[in-house]
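Undergrad: This is the structure, below, for whatever I ask next.
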Amino acid sequence: MLILLPPSEGKTAARRGKSLDLAALASPSLTATRTTLLEALTTLCRDDPDRAATVLGLGPAQRDLVARNASLESAPTARADAVYTGVLFDALGFATLSPAARRRATSRVAVTSSLFGIVRPGDRIPAYRLSGDAVLPGLGSVAGVWREVLGEAVTTGMGTGLLVDLRSSTYAAFWRPTPDLGRRVATVRVLHESGGRRTVVSHFNKATKGRIVRALLEDGADPRTPKALAEALTRLGWTVEIGDPTPKGTQLDVVVSDIH
């Protein structure tokens, strides 16, 4: 099983640590593309910070992020599971997983990244700013760059198991499953039910996805089909409704009324 997460916009910068070594990251098939994007981003932020701020969607109070991007190649790194922050990652709580669950996370979890394609929890990366919908001068859209090369890394990570796709729509555009993989892909949507109505609410969506990943890692469940995943989540306490299979995968709706 491979659980594919979206990244967080907010990131915790390491205060000390080794500088970035692209060759040491998982999924070495992505090294060339990572190098191209890193060079394009750092050059833009170093040589034209005003344009960089516009490209990155940053306001005057966020210009420090442009400077941070300019020095990514020499910046200290930390484990990806410590760099990414936010509602989903707080709910997942990598740091407080049991030893067995952390070992499972190493092989079962990957985070989609605008700069690195996908990273594993133990990959050492710097804190960076690059949104999935960004368009870099000379390269075009970040999503378009990754769409050409990301498939091999994801399918290798899946192996013969199930892909649990928790990406947001922005990052789903980086790679979409081919029809031959559809039967082994489960997408998860979280619906908040209140007053007889169901809606998608960002906080509930992110927090519940984090909790789902944590529960699967702690439990050790390794479902190999969308139906088996729905059964595992039901056993773990969620209300799950499974959709019809499609060439792109099977959607699971997790219905929540509250999160404590």
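The values are calculated or read from the model by the stated rules, or taken from the named source; none is laboratory data. Remember, predicted model here, so these are calculated numbers, not experimental data. Here the Cβ is made from the backbone with ideal geometry for all residues, glycine too, and neighbour counts use every protein chain on show.
Undergrad: With R63, R104, R129, R79 as the choices, which residue is more than 13 Å from the chain's Cα centre (by Cα), within 17 Å of T36 (Cα to Cα) and touching a residue at least 12 places away in the same chain (Cβ under 8 Å)? Let's see the steps before the verdict.
TA: Values: R63 fails: within 17 Å of T36 (Cα to Cα); R104 fails: within 17 Å of T36 (Cα to Cα); R79 fails: within 17 Å of T36 (Cα to Cα).
After ruling out the rest, the residue left standing is R129.
Undergrad: I need a count of the residues in the stretch 107-126 that are in contact (Cβ under 8 Å) with a residue 60 or more places away in the chain and either assigned to a helix (DSSP H, G or I) or of a type in the set (S, T, Y) (or both).
TA: So the count comes out to 4.
Undergrad: Sticking with this structure for a sec: Scan the stretch 23-58 for residues that are closer than 30 Å to A186 by Cα and in contact with a Phe, Trp or Tyr (Cβ under 9 Å, 6 or more places away or on another chain) and jot them down.
TA: L25, S27, L30, T33, R34, L37
Undergrad: Moving on to the next point. Within the stretch 162-177, work out how many residues are touching a residue at least 60 places away in the same chain (Cβ under 8 Å), touching a helix residue (DSSP H, G or I) at 6+ places or on another chain (Cβ under 9 Å) and either under 25 Å from E231 (Cβ atoms) or not small (G, A, S) (or both). Spell out how you get there, then give the answer.
TA: To start, the set of residues in the stretch 162-177 that are touching a residue at least 60 places away in the same chain (Cβ under 8 Å) comprises 162-168, 170-171, 174, 176-177.
Retained after the next criterion (residues that are touching a helix residue (DSSP H, G or I) at 6+ places or on another chain (Cβ under 9 Å)): 162-166, 168, 170-171, 174, 176-177.
When the remaining residues are screened for being either under 25 Å from E231 (Cβ atoms) or not small (G, A, S) (or both), the result is 162-166, 170-171, 174, 176-177.
Number satisfying all stated conditions: 10.
Undergrad: Here is a check on your reading of the model: is V154 in a helix (DSSP H, G or I), in contact (Cβ under 8 Å) with a residue 60 or more places away in the chain and within 22 Å of T43 (Cβ to Cβ)?
TA: Details: in a helix (DSSP H, G or I): yes; in contact (Cβ under 8 Å) with a residue 60 or more places away in the chain: yes; within 22 Å of T43 (Cβ to Cβ): no.
Judged against the criteria, V154 is not a match.
Undergrad: Return yes or no: is A40 of a type in the set (G, A, S) and within 15 Å of L130 (Cα to Cα)? Quick ask: steps written out before the conclusion?
TA: On the way: of a type in the set (G, A, S): yes; within 15 Å of L130 (Cα to Cα): yes.
So A40 passes the test.
Undergrad: Being among the aliphatic types (A, V, I, L, M) and under 24 Å from S141 (Cα atoms) is the requirement here; does L97 meet it?
TA: Details: among the aliphatic types (A, V, I, L, M): yes; under 24 Å from S141 (Cα atoms): no.
No.
Undergrad: Which of the residues that make up the stretch 190-223 are charged (D, E, K, R), at pLDDT below 95 and not in a helix (DSSP H, G or I)? Please lay out each step first, then the result.
TA: Looking only at the stretch 190-223, we keep the residues that are charged (D, E, K, R), and these are 193, 197-198, 206, 209, 211, 214, 218-219, 222.
Applying the additional criterion that residues be at pLDDT below 95 yields 193, 197-198, 206.
Matches in the stretch 190-223: E193, R197, R198.
Undergrad: Are any of the residues in the stretch 186-197 surrounded by fewer than 15 Cβ atoms within 10 Å (Cβ to Cβ), in contact with a Ser or Thr (Cβ under 6 Å, 6 or more places away or on another chain) and not aromatic (F, W, Y)? If you could, list the steps in order and put the result at the bottom.
TA: Keep residues of the stretch 186-197 that are surrounded by fewer than 15 Cβ atoms within 10 Å (Cβ to Cβ), which gives 193-197.
Next cut, in contact with a Ser or Thr (Cβ under 6 Å, 6 or more places away or on another chain) only: 193.
Subset that is not aromatic (F, W, Y): 193.
Within the stretch 186-197 (the criterion being surrounded by fewer than 15 Cβ atoms within 10 Å (Cβ to Cβ), in contact with a Ser or Thr (Cβ under 6 Å, 6 or more places away or on another chain) and not aromatic (F, W, Y)), the answer is yes, since at least one residue qualifies.
Undergrad: Pick from D253, D244: which is acidic (D, E) and more than 23 Å from the chain's Cα centre (by Cα)?
TA: Residue meeting the stated conditions: D244.
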